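Chemist: Below is one structure. I have some questions about it.
The values are calculated or read from the model by the stated rules, or taken from the named source; none is laboratory data. Predicted model only: the values in this text are computed from it and were never measured. Positions of Cβ are backbone-derived with ideal geometry, glycine not excepted, and every protein chain shown enters the neighbour counts.
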Amino acid sequence: MRARARSTTARRSSVPARTVARQRASSQPSQPSPWGSLFGKRGPGGRRPPSLQPPVAVSLARGVSVVGRSPLLLVITFLAALGLWLGFSGYGTVTSAAPQAMVLLTSLPPIRSSLDVLLLARGRPGGPTQVLAFSLGLVLVHAALASLWASLILDSYRSSAGPLDVRSSLRRALRSLVPMIGIELGFLTLATMSIFLAGFLGTLGAILALGAGLYFFSYAPVIAVAEGVGTVRAAQLSIKAARVPGPQHMLLITTYLVVTLLVTSVTPGSRVAAATPSVVVWAFALFVGFLHVAVLGAFVYRWLLIREHAIAAAGEARGNQGTRTGA
């Protein structure tokens, strides 16, 4: 009887013991994800903090609104697409007239930078000197356009209730031109690396490289203009801005990348490219160019909302680095 009672007691007590063990295991803090330090901070226990990023739909709507109601931004966007097409045509790149290329002429870097590398490689210049001269001129044009777009969009947000101060925007764009040239050169280097990766890993490798560049450095042109900082500082703050808690930034980058690749495949007349694009192709390319600049407007809007968090995170990182150095 005593042995039977002991076995019964053991069976009854074993169930609560397993339950207690599970509760203790669940109460222990989980191991932080290895991606936590790369794609955003995690709090104690490996849990993500509440999102601090604005919604993607609101950001895109604000970008479309601020660009769509500015005749100056629309004119600059359309003239930029026309000027880049004429420049590549004069360089000897026949494929610049292809609709797939035209819809990417004013896209965000490093996507646009990859197109530049491909078009530069397919041109028929007179010699290495002309290739270098055209490449440097192309970087300068892209830097000037990015500075001007970001500056005008920034002032449009800040002076939504009043007239736009074009002179102030031009002065800010001119001050940020040198850092923007450095940013454009960085994107051009990244685009070249992505093309080499495509030779080893295929198209997927190139897409991943472009996605990573967009994810970490999409805010860099905006920061260089809005904060008046140099190339390195803009890149550092862009990484911190990308890591502000919340999945919205990753969603925006993925959406933009997927839609851009989809648009290049469904562009009208993309199978046969004429020397001179048709009116339909031009209309579609200009509309897509407007959307590209609107996405840039979305990033300007998002930076204005998260800049304090990114700057604070950068200052915290500097403080921790100084503490480790002092120790």
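Chemist: Within region 201-225, restricting attention to residues that are among the β-branched types (Val, Ile, Thr) and in contact (Cβ under 8 Å) with a residue 24 or more places away in the chain, which residue is farthest from residue 260 (Cα to Cα)?
Modeler: 225
This table checks each residue for (1) outside any loop (DSSP other than H, G, I, E, B); (2) in contact (Cβ under 8 Å) with a residue 40 or more places away in the chain.
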{"residue": "60", "(1), (2)": "yes, yes"}
{"residue": "63", "(1), (2)": "yes, yes"}
{"residue": "67", "(1), (2)": "yes, yes"}
{"residue": "74", "(1), (2)": "yes, yes"}
{"residue": "88", "(1), (2)": "yes, no"}
{"residue": "101", "(1), (2)": "yes, no"}
{"residue": "107", "(1), (2)": "no, yes"}
{"residue": "114", "(1), (2)": "yes, yes"}
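Chemist: Being over 23 Å from residue 127 (Cβ atoms), aliphatic (A, V, I, L, M), at pLDDT 80 or above and crowded, with 17+ Cβ neighbours inside 10 Å is the filter here, so list the residues in region 77-102 that pass it.
Modeler: If the condition is that a residue be over 23 Å from residue 127 (Cβ atoms), aliphatic (A, V, I, L, M), at pLDDT 80 or above and crowded, with 17+ Cβ neighbours inside 10 Å, then 80, 81, 101, 102 are the ones that fit.
Chemist: Would you mind finding the one in 115, 105, 38 that is crowded, with 20+ Cβ neighbours inside 10 Å, under 19 Å from the mean Cα position of the chain (by Cα) and at pLDDT below 90?
Modeler: Testing whether each residue is crowded, with 20+ Cβ neighbours inside 10 Å, under 19 Å from the mean Cα position of the chain (by Cα) and at pLDDT below 90 leaves just 115.
Chemist: To continue, here is another question. Taking only pairs six or more apart or across chains, which ones have beta-carbon atoms under 7 Å, a first residue in region 286-302 that is within 17 Å of residue 142 (Cα to Cα), and a second residue that is crowded, with 22+ Cβ neighbours inside 10 Å and among the aromatic types (Phe, Trp, Tyr)?
Modeler: Listed pairs, sorted by first residue: 293/149; 295/256; 296/149.
Chemist: Return the only residue of 204, 148, 154, 174 being aliphatic (A, V, I, L, M), surrounded by fewer than 20 Cβ atoms within 10 Å (Cβ to Cβ) and more than 16 Å from residue 114 (Cα to Cα).
Modeler: 174
Here's the yes/no breakdown for (1) surrounded by 17 or more Cβ atoms within 10 Å (Cβ to Cβ); (2) among the aromatic types (Phe, Trp, Tyr); (3) in a helix (DSSP H, G or I); (4) on the phi < 0 side of the Ramachandran plot:
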position: 178; (1), (2), (3), (4): no, no, yes, yes
position: 189; (1), (2), (3), (4): no, no, yes, yes
position: 196; (1), (2), (3), (4): no, yes, yes, yes
position: 199; (1), (2), (3), (4): no, no, yes, yes
position: 209; (1), (2), (3), (4): yes, no, yes, yes
position: 214; (1), (2), (3), (4): yes, no, yes, yes
position: 221; (1), (2), (3), (4): yes, no, yes, yes
position: 234; (1), (2), (3), (4): yes, no, yes, yes
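Chemist: State all residues of region 263-303 that are at pLDDT 80 or above and among the charged types (D, E, K, R); if no residue qualifies, say none.
Modeler: Of everything in region 263-303, just one residue is at pLDDT 80 or above and among the charged types (D, E, K, R), namely 302.
Chemist: Which members of region 303-317 meet the condition of being in contact (Cβ under 8 Å) with a residue 12 or more places away in the chain and of a type in the set (Gly, Ala, Ser)?
Modeler: Scanning region 303-317 gives 310, 313, 314, 317.
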